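Below: the structure, in structure tokens.
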Amino acid sequence: MGINNLPNMKLYWSNDMVFQNTFISSIMSRNRFLQIFYNLHLANNSLEPERGSKEYSKIYKIKNFTDILRENFKKNYSFGRYGTIDESMIKFKGRSSLKQYLPLKPIKRGYKVWCLCDPITGYLFNFQIYLGKDEISGKEASLSERVVFDLISSDNFQGKYLYFDNFFTSLRLLEKLKLQKIKACGTIRPDRASIPSDFAKKNKMQRGDCESMIILNSIVFVWMDTKQVLLASNYHKENEVVSISRRLKNGQHITINCPKAIKDYNQFSHGVDRLNQRISCYNLDLNSAVKYLVGQELYKDEGIVMSSDWLNKYSNERENFIVNDEDKKVDDNEDIKKESGFDDDVDNWNESDDKPANPAVTETLLNDEIEDQTDVGIKFAPAENNRPTSVLMDMKVDELTFPKIYCGKQRRIKENVKLTYAKIAKSELRMFDRRYGRISKLFFTYKKLQTRKFSDAISITLRKTKNTRNLTATQMLNRDYINGLVHNDDAFTFLRCDRSSPAF
């Protein structure tokens, strides 16, 4: 059923040959399958503890399953030196007492899960589902401290490094971890206990300035970047300073001093973010992806809508869909060298031009890759009785052809900055996001560049006939009129770089 996905489970036993699956229906009857399916449980409900007892759990029905997952996660991975602790969200919009609302998260409503991840690979080593306020634990430890020690309690973390954000970080937590020989570092809130208010809020600091103070065997840093950053660590030293590069609004790069603790935190504190990035690559509902696309300004401007019949037909399809604004950024300050196949001197076309010269007679191409790496091309006209737009004339052809890459967003190029298509293509290929390196995207880009070069190299020669005696500029700018002259042998085209080339 995971391979042959139907809208309704009962359709596998349907008499309609369109839906019927003889492999499934021949093994088991429908009523027998549904009886087993409806009574399939991960736990014995008769053994569930009473509400209010110490053994009671809100996730009792899946607790055995999550315990098996947690055990296998630890058994099949050797944890490295560094770890990140943060919360993650599982999307859920139904009714549940466990549902949380985090307005600053990409997934705002759902189940909150505390995660311990490897910051290098994003591997989930341990997790804990948030069950709400724990009245049994008492006041001997705060929620953040209890979560940290629960995630690391079952393993030996002596000599390893932990990083977390200001929700978890407190001087008391850092002191407890140091007693267990665990090195920890994280941003900290200025209103935490034992931090002087006049130290946490400095009014006269320049960019790159840093002050530090030792409190409860930990060191607290106040560093000024574009705004103040407050960080605490139980293993860094006060005099450890490194140099980092920052870019100003005018594009100029400057070098400023930064505590090594902050640089280490920026490097090793994104393990859970990396996990969420990996998860986002899988199984998003196609219906939701299409609704997202048609809601973007790019699709609205082009008048692209999806019919309800199409959405109902593909309601169970799954599709990979990622939105990362940093993956779509074009670096217009990049010093690009000439490379074979992308000669900027030959490519005189500018992406910011409204009307490129010499449009080629090429239909708009919509293509993408499927699982077996077979390219599927669909040539289509924009509307009835309209001529298909040329690849060179359509200024949004890349964004509309590859919705998985651009996600309904148009390229943003600074005003008064002229970039050739070759430079834009090379800048995209050098990004961390490797979707730009897909075979279909590479061939599409190469085809567009070569089509531009051929189009610029084509010249038109008129024969001396009665149809070419009194031509006007308006007629010469009309592509259909020129094509008619070529068709009637009143004109012919040839490659400008090869005077001996035959007409074609």
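The values are calculated or read from the model by the stated rules, or taken from the named source; none is laboratory data. Just so it is clear, the model here is predicted, and its values are computed rather than measured. Cβ atoms come from the backbone with ideal geometry, glycine included; neighbour counts cover every protein chain shown. Protein only, heavy atoms only, side chains kept; ligands, DNA and RNA dropped before computing areas. Shrake-Rupley method; radii C 1.70, N 1.55, O 1.52, S 1.80 Å.
So, in Å, what gap is there between the alpha-carbon centers of the range 183-251 and the range 23-102? Cα centres, the range 183-251 to the range 23-102: 41 Å. Work through the residues other than ALA261 whose Cβ is under 12 Å from its Cβ and net out their charges, Lys, Arg +1 and Asp, Glu -1. Charge balance in the 12 Å sphere: +1. Taking amide H atoms as placed 1.01 Å from N in the peptide plane, the amide H of ILE413 has no partner under 5 Å among residues 5 or more positions away or on other chains. Ranking of ARG247, ARG192 by solvent-accessible surface, largest first: ARG247, ARG192 (1.4 Å probe, protein heavy atoms only, all chains present).
Couplings for the range 166-174, taken from phi via the Karplus curve 6.51 cos²θ - 1.76 cosθ + 1.60 with θ = phi - 60°, read 6, 5, 8, 5, 8, 5, 5, 5, 5 Hz in order; Gly and Pro are left as x.
Taking the Cβ of THR226 as the center, what net charge do the other residues with Cβ under 14 Å away carry, scoring Lys and Arg +1 and Asp and Glu -1? Neighbour charge sum, excluding THR226 itself: +3. Computed from phi, the 3J(HN,Hα) profile of the range 440-456 under the Karplus parametrisation 6.51, -1.76, 1.60 (θ = phi - 60°) reads 5, 5, 5, 5, 5, 4, 5, 4, 5, 5, 5, 4, 4, 5, 5, 5, 5 Hz, with x in place of Gly and Pro. For the range 63-79, backbone phi angles converted through the Karplus equation (6.51, -1.76, 1.60; θ = phi - 60°) give residue-by-residue couplings of 4, 4, 5, 5, 5, 5, 4, 4, 5, 5, 4, 6, 5, 9, 8, 9, 5 Hz, Gly and Pro being listed as x. Under 5 Å between amide hydrogens, built in the peptide plane, is the criterion, and for PHE79 it picks out nothing among residues at least 5 positions away or on other chains.
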